[in-house]
Amino acid sequence: MSTQPDEKRMRLRYAGSCRACGTVLEARTEAVYERATKTVRCLTCVAATAHAGREDPLSGTDAARPAADPLDAGTAGASARREHERRRARREERIRTAHPKLGGLILALSDDPQSTTAWGTGAVGEERLGRRLDELSSATLRLLHDRRIPGSPANIDHLAVTPTGVYVIDAKRYVGKRPSLRVEGGILRPRVGKLLVGSRDQTKLVDGALKQVELVRSVVGEDVPVVGVLCFIESDWPLVGGAFATRGVDVLWPRKLYPRLTADGPHASCVGDVHARLARALPPA
C-alpha cells in the first residue's frame, strides 16, 4: 500500500473520521494523514484508491476495482479559506507592484479590508464547527462539508445525515453579537419575523438557509425530513433560553445543536444511502 509525498501513514493521536467514507476512526487506529487538507483517510479507502488504477497483466482488466468510488466528505471551511488567501495574495501583489520599495512597509502597517477579513472569519467558524462535528460522526451520523451549490458561487457549510433527518447547517461566526427574533406586524398587518444579529437586520441569512434546504430536499425527496440550521459560533447567547426558530429554520449555538444530531430516530436505516446520494449530487466546493 503506497502513499503520496504529502501523506503520512500513522497511528492517530485523537479520534477522527475518514474524509472519504465517513467511518469513525478511534484514537491509536492506523490511518493516512493528508498534510494538504489536514484530514485523514482509513486504510480501506487508501487501498481502494491504490487498486482502482491497477491493471491485471494477464486479463488486461482492472484488478480488485472497488464496487463504488469512495465518497469525498469534504473539508470544513476549505473554499472560504481559499478565497481568503486568494484575496490577501491579490492585495499584496497589487501593493508591491504599485510601491516596489515601500510595499512591505505598507502591508505591515495596514490591515486587510473588511471584505477580505470576513472570509477568514467565516473560514475559522466553519473549521471549528466541522472539527467538533467530525468528533461526533458515527455509522448513524454521517457528515459532508463545504458542498458546492450547482450554478452558484455559494456553498453549503455542513450537511449532517442522522436518524431524525438531514440537517443543513450554515455556520455563522459573529463574535460577541446576540442573535434575536423581532416579530413585527399585528392586527392590521401580517406578522413578519426578522432575524437580528446585534442591532442589524440579517433576515437574508434565513432566506439563504431556506434555499439550501430546498436544494437538499430535491436530492433526498420528501420521505426524509430536511431541517435548516443557522449555527452561531462565539455569539453572545443568554444563560437561559436563546434558541429560536423562524420560518422553519432553527437558530442556535453548537452545544444546542449536538444533542439533536445524535438523537435516535426513525430514519437510521437509510442514513448511508442518503449520505451517498448527497455526496454525489453535491460535490466538494
Solvent-accessible area, 1.4 Å probe, carbon plus sulfur percent, for the chain: 52
The relative contact order of region 81-135, taking Cα pairs under 8 Å that sit 6 or more residues apart, comes to a percentage of 41
List, in order, the whole-Hz ³J(HN,Hα) value for each residue of region 224-240 obtained from phi through the Karplus relation with A = 6.51, B = -1.76, C = 1.60 and θ = phi - 60°; use x for Gly and Pro. 10, x, 10, 10, x, 9, 9, 9, 8, 9, 6, 8, 8, 7, x, 5, 10
Computed FRET value (nearest 0.05) for GLU135 with SER180, which takes r as the C-beta separation and R₀ as 30 Å: 0.50
Taking Cα centroids, how far is region 204-253 from region 100-127 in Å? 30
Provide the per-residue ³J(HN,Hα) series for region 142-152, in order, calculated from phi with Karplus coefficients 6.51, -1.76, 1.60 and θ = phi - 60°, each as a whole number of Hz, with x at glycine and proline positions. 10, 10, 9, 10, 6, 9, 6, 9, x, x, 9
If exposed means trypsin sites (Lys or Arg not before Pro) lying in a DSSP loop and surrounded by at most 15 other beta carbons within 10 Å, then the longest stretch of the chain lacking such sites spans residues 102-190
With a Förster distance of 30 angstrom and the Cβ-Cβ distance between ALA36 and LYS101, calculated FRET efficiency to the nearest 0.05 equals 0.30
Taking the DSSP beta bridges in the chain as the whole, what percent of them are antiparallel, to the nearest 5? 75
Just to be sure I understand the model, the point goes 7 Å from the Cα along the line to the Cβ. What's the resulting ARG217 to ALA15 distance in nm? 3.4
In the structure shown, of LYS38/LYS101; LYS194/LYS256; LYS8/LYS256; LYS101/LYS177, the pairs separated by more than 31 angstrom at the C-alpha atoms are LYS38/LYS101; LYS8/LYS256; LYS101/LYS177
Straight-distance crosslink candidates among aspartates and glutamates, where the alpha carbon sits under 13 Å from LYS211 and sequence neighbours closer than 8 are dropped: ASP170
Rounded, prolate or oblate: pick one for the chain, where a ≥ b ≥ c are the square roots of the eigenvalues of its C-alpha gyration tensor, a/c under 1.5 means rounded, and failing that, prolate if a/b is larger than b/c, else oblate. oblate
Give the shape of region 95-224 as rounded, prolate or oblate, defined through the alpha-carbon gyration tensor: a ≥ b ≥ c are the square roots of its eigenvalues, a/c under 1.5 means rounded, and otherwise the shape is prolate if a/b is larger than b/c and oblate if not. oblate
In a shell of Cβ-Cβ distance under 11 Å around GLY165, excluding GLY165 itself, what net charge do Lys and Arg (+1) and Asp and Glu (-1) give? +1
Put +1 on the Cβ of every Lys and Arg and -1 on every Asp and Glu Cβ in region 132-248; which of GLY193, VAL216, VAL240 then has its Cα farthest towards the positive end of the dipole? GLY193
Keeping every protein chain present and rolling a 1.4 Å probe, give me the accessible area per residue for the chain in Å². 56
If each DSSP helix of 4+ residues adds -39,500 (n - 2.57) and the sum is divided by the residues in the chain, what number results at 222 nm, nearest 500 deg cm²/dmol? -11000 deg cm²/dmol
What does the net charge come to around THR23 if you take all other residues with beta carbon closer than 11 Å to its beta carbon, with K and R at +1 and D and E at -1? +2
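The values are calculated or read from the model by the stated rules, or taken from the named source; none is laboratory data. Computed from a predicted structure; not experimentally measured. No Cβ is skipped: glycine too gets one built from the backbone with ideal geometry, and neighbour counts run over all protein chains shown. With ligands, DNA and RNA removed, areas are computed over all heavy atoms of the protein, side chains included. Shrake-Rupley method; radii C 1.70, N 1.55, O 1.52, S 1.80 Å.
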